[in-house]
Amino acid sequence: QVQLVESGGGLVEPGGSLRLSCAASGMIFSDYTMAWYRQAPGKQRDVVAQISGAGSANYADSVKGRFTISRDNNKRTVYLQMNSLKAEDTAIYYCNAKSLFTTIWGQGTQVTVSS
């Protein structure tokens, strides 16, 4: 069964850090471009960062310099290190896996940035 399971969300104060993890199963992980999306209440789901199977990464302008995406193909896991968090980073964060033939979504994990 193909599955993505996110973890690591929670409540953090502005300026703080969180690391999200997304563990994949039932797939050839290295064949997939992995990405993190987020969706705030009342807004559309937008891409935050993505990383190719070979490790090439791209970021949304709003998170450049603060967030880092990485992957461990041996552990079939993708990470999102989030530093200098702001209130506007509050959202549900979704893991996404995309190949030539399919797209898979995780269930999402809530990140709340508030004092």
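The values are calculated or read from the model by the stated rules, or taken from the named source; none is laboratory data. Quick caveat, the model's predicted, so the values are computed rather than measured. Counting neighbours? That spans all protein chains shown, and the Cβs are built from the backbone with ideal geometry, glycine included. Ligands, DNA and RNA are excluded from the accessible area calculation, which covers all protein heavy atoms including side chains. Shrake-Rupley method; radii C 1.70, N 1.55, O 1.52, S 1.80 Å.
Available extension along the chain between Ala54 and Arg66 is 2.1 nm, counting 0.36 nm per residue and deducting the alpha carbon span.
Taking every alpha-carbon pair under 8 Å whose residues sit at least 6 apart, the chain reaches a relative contact order of 36 percent. Of all DSSP beta bridges confined to segment 6-115, the antiparallel ones make up roughly 90%. In the context of the full set of protein chains, segment 6-63 has a per residue accessible area of 52 Å² (1.4 Å probe). Charging the Cβ of each Asp and Glu at -1 and of each Lys and Arg at +1, and nothing else, the dipole of the chain about its Cα centre rounds to 100 debye.
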